[in-house]
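**Q** Let me give you the structure first, and then I'll get to my questions.
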Amino acid sequence: MKLLLKQALVLYKGRLEERSVLVEKGRIVSLSKEAPQITDAQVIELNHGCLFPGFVDVHVHLREPGFSYKETIAAGTQAAARGGYTSVCPMPNLKPVPDSLEHLKPELEAIERDALVRVHPYGAITVGEKGETLAALEEMAPHVLAFSDDGKGVQDPEKMKQAMVRAKALGKIIVAHCEDESLLNGGYIHDGAYAAAHGHRGNPSASEWKQVERDLELVRETGCAYHVCHVSTKETVALIRQAKAEGLDVTCETTPHYLVFNDSMLQEDGRFKMNPPIRSEEDRQALIEGLLDGTVDMIATDHAPHSAEEKAQGLEKSFFGIVGLETAFPVLYTHLVKPGFLSLEQLVERMSASPAKRFGIGAPLEEGAAADFTVFDLNTKYTIDPSEFCSMGKSTPFAGQEVLGRCLLTVCGGEIVWQEKGGAG
């Protein structure tokens with residue numbers, strides 16, 4: 001299929017420039033200032049919609065196999081396409097846990113059958129994500145993006161060291177959910193003023209940064225490539241900044257909810273419960289500063305759908321996790337770009353080029369590259385309504401917020417995988 005997109009505002013070398021984009025056989029043939037004279041192409045008038053490289057989310061939960069009542073590959077990748085994502089990377093807390101090639105196969109088959117966008121799965125670090133026995137890393141390596149036990153921190157330092165040694169030999173990144181369970185004390189929201197005022201058990205910042213500190217010492221010993229999931233604390237940002245200054249092969253991500261909310265904004269509602277928790281204003285400011293100076297490399301969503309019942313038990317008893325694929329760009333454009341904290345180019349880079357480069361996936365917006373891109377209308381204001389989500393999960397702290405930035409179109413491998421009704425056409 002040939003596809004010609006006219007009157008696109010393409011983010012090119014830091015500026016939005018009007019271009020026409022011609023796609024053929026899954027690739028970008030031209031990005032020209034003048035629309036080519038083509039008679040056999042599907043033509044879409046973008047009316048100055050902004051065209052970006054497809055976003056890359058290195059931290060999602062698609063729940064299949066094992067938990068398809070929460071989300072499926074089909075629904076999750078449709079949500080990704082609606083959010084402007086063309087590559088997503090699902091975590092391995094599934095059933096079966098992908099800790100061997102045999103246990104990975106059901107997920108690979110579901111991806112092959114149902115995925116609308118590119119899906120790059122993780123393999124587990126340990127068998128059953130129990131932290132006791134290393135998974136079959138060698139046999140999974142050709143089929144997975146990297147190794148992670150996301151959802152649980154690897155508690156045994158010797159086990160993590162062994163994993164790092166083997167991952168390095170395989171040329172794979174260790175992607176760490178950092179959580180020292182000995183420091184949790186049953187906490188489920190940030191150990192701050194809100195927890196104290198409302199009688200909640202607090203999860204201290206040290207539960208995250210102490211394990212990051214431990215792992216960085218292991219990276220110094222092993223030379224392993226290492227990536228920290230969902231960074232939420234100022235201490236973690238400082239540790240990673242120092243590790244990068246030393247030249248360690250270390251990257252990290254944060255998420256929209258940690259960049260927008262602090263714990264004074266919590267509500268007695270399960271849609272404000274995630275792990276790690278929303279932390280203090282000092283932590284939020286440190287994360288923004290880390291984004292600006294390059295310490296925080298990328299923005300992921302940690303899209304983690306649950307059933308309505310699982311999220312209806314308040315802060316204490318609801319399951320950890322919120323959805324984020326369909327809200328990430330508009331939320332961050334509204335809260336960070338429009339007020340001037342981050343440029344549009346910086347936001348798009350943290351959501352596409354930076355994760356793509358680190359993990360060797362995604363496609364740049366250039367002639368000859370795979371046609372993976374998305375188009376947003378940055379001027380339409382609307383209210384986030386979870387009932388409109390493609391995701392089966394509806395729980396988000398951003399429900400009811402007024403935002404700018406609606407996804408009109410997403411193209412993956414030259415195929416239209418999302419088109420907003422009444423939008424681009």
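The values are calculated or read from the model by the stated rules, or taken from the named source; none is laboratory data. Owing to the predicted nature of the structure, the values given are computational and were not obtained by experimental measurement. Virtual Cβ from ideal backbone geometry, glycine too; neighbours counted across all protein chains shown. All accessible areas refer to the heavy atoms of the entire protein, side chains included, with ligands and DNA or RNA removed. Shrake-Rupley method; radii C 1.70, N 1.55, O 1.52, S 1.80 Å.
**Q** Here are the criteria: (1) closer than 25 Å to GLU102 by Cβ; (2) buried (at least 23 other Cβ atoms within 10 Å of the Cβ); (3) not small (Gly, Ala, Ser). Tell me which single one CYS229 does not satisfy.
**A** Looking at each condition in turn, CYS229 falls short on (1).
**Q** Report, by residue number, each residue of the stretch 238-260 that is crowded, with 21+ Cβ neighbours inside 10 Å and in a loop (DSSP other than H, G, I, E, B).
**A** THR255
**Q** Collect the residues in the stretch 90-114 that are within 25 Å of ARG358 (Cα to Cα), open to solvent by 30 Å² or more (accessible area, probe 1.4 Å) and in contact (Cβ under 8 Å) with a residue 40 or more places away in the chain, keeping them in residue-number order.
**A** ASN93, LEU101
**Q** Another question, then. Quick check on ILE416: is it at pLDDT 95 or above and open to solvent by less than 40 Å² (accessible area, probe 1.4 Å)?
**A** no
**Q** If a residue must be touching a His at 6+ places or on another chain (Cβ under 9 Å), within 15 Å of ALA238 (Cβ to Cβ) and not basic (Lys, Arg), how many such residues does the stretch 249-296 contain?
**A** So the answer is 5.
**Q** Sticking with this one: Does at least one position in the stretch 163-175 carry a residue that is under 22 Å from GLU235 (Cα atoms) and in contact with a Gly (Cβ under 6 Å, 6 or more places away or on another chain)?
**A** No: the stretch 163-175 contains no residue that is under 22 Å from GLU235 (Cα atoms) and in contact with a Gly (Cβ under 6 Å, 6 or more places away or on another chain).
**Q** Need the failing condition index for ALA195 against (1) in contact (Cβ under 8 Å) with a residue 60 or more places away in the chain; (2) out of contact with any Lys or Arg (no Cβ under 8 Å at 6 or more places or on another chain); (3) surrounded by fewer than 22 Cβ atoms within 10 Å (Cβ to Cβ), just the number.
**A** (2)
**Q** Working carefully through the options GLU179, GLU208, GLU139, find the one that is acidic (Asp, Glu), open to solvent by less than 70 Å² (accessible area, probe 1.4 Å), in contact (Cβ under 8 Å) with a residue 12 or more places away in the chain and part of a helix (DSSP H, G or I).
**A** Going through GLU179, GLU208, GLU139 in turn, the sole match is GLU208.
**Q** Based on this model, can you work out whether SER264 counts as modelled with pLDDT of 95 or more, surrounded by fewer than 20 Cβ atoms within 10 Å (Cβ to Cβ) and of a type in the set (Ser, Thr, Tyr)?
**A** yes
**Q** In the stretch 332-341, what count of residues is obtained for those that are open to solvent by less than 10 Å² (accessible area, probe 1.4 Å) and either over 14 Å from the mean Cα position of the chain (by Cα) or among the hydroxyl-bearing types (Ser, Thr, Tyr) (or both)?
**A** Of the residues in that region, 1 qualify.
**Q** A further question follows. Restricting to the stretch 355-379, what's the tally of residues that are surrounded by 14 or more Cβ atoms within 10 Å (Cβ to Cβ) and over 20 Å from the mean Cα position of the chain (by Cα)? Show your work before the answer.
**A** In the first step, residues of the stretch 355-379 are kept if they are surrounded by 14 or more Cβ atoms within 10 Å (Cβ to Cβ); the result is 355-359, 361-365, 369-378.
Applying the additional criterion that residues be over 20 Å from the mean Cα position of the chain (by Cα) yields 369-371, 377-378.
Summing the residues that are surrounded by 14 or more Cβ atoms within 10 Å (Cβ to Cβ) and over 20 Å from the mean Cα position of the chain (by Cα) in the stretch 355-379 gives 5.
**Q** Here is a follow-up. Only one of these is among the polar types (S, T, N, Q), within 24 Å of the chain's Cα centre (by Cα) and farther than 30 Å from THR133 by Cβ: THR77, THR39. Name it.
**A** Matching residue, one of THR77, THR39: THR77.
**Q** Can you name the strands (runs of 3 or more DSSP E) wholly within the stretch 1-80 that have at least 1 residues being open to solvent by 60 Å² or more (accessible area, probe 1.4 Å)?
**A** Passing ranges, in order: 3-12, 15-24, 27-32, 42-45.
**Q** Please go through the stretch 380-400 and give me each residue that is at negative phi and open to solvent by 40 Å² or more (accessible area, probe 1.4 Å), ordered by number. Please lay out each step first, then the result.
**A** So the first thing to find is which residues in the stretch 380-400 are at negative phi, and the list is 380-399.
Within the stretch 380-400, THR380, LYS381, THR383, ASP385, SER387, GLU388, MET392, LYS394 meet the criteria.
**Q** Every residue in the stretch 272-314 that is crowded, with 24+ Cβ neighbours inside 10 Å, aliphatic (A, V, I, L, M) and within 17 Å of ALA399 (Cβ to Cβ), please.
**A** The answer is MET274, ILE278, ALA304.
**Q** Just give me the residues in the stretch 218-237 being assigned to a loop (DSSP other than H, G, I, E, B) and hydroxyl-bearing (Ser, Thr, Tyr), in sequence order.
**A** Once the filter is applied, which keeps residues that are assigned to a loop (DSSP other than H, G, I, E, B) and hydroxyl-bearing (Ser, Thr, Tyr), the stretch 218-237 yields SER232, THR233.
**Q** Could you list, ordered by first residue, the pairs with Cβ atoms under 7 Å in which the first is in the stretch 158-169 and under 13 Å from SER148 (Cβ atoms) and of a type in the set (Gly, Ala, Ser) and the second is open to solvent by less than 70 Å² (accessible area, probe 1.4 Å) and in a helix (DSSP H, G or I), at least 6 apart or interchain?
**A** That search, which allows pairs on different chains as well, returns ALA167/LEU137.
**Q** Would you confirm whether or not the stretch 393-407 contains a residue that is more than 20 Å from PRO256 (Cα to Cα) and not aromatic (Phe, Trp, Tyr)?
**A** Looking only at the stretch 393-407, we keep the residues that are more than 20 Å from PRO256 (Cα to Cα), and these are none.
No, there is no match, as no residue in the stretch 393-407 is more than 20 Å from PRO256 (Cα to Cα) and not aromatic (Phe, Trp, Tyr).
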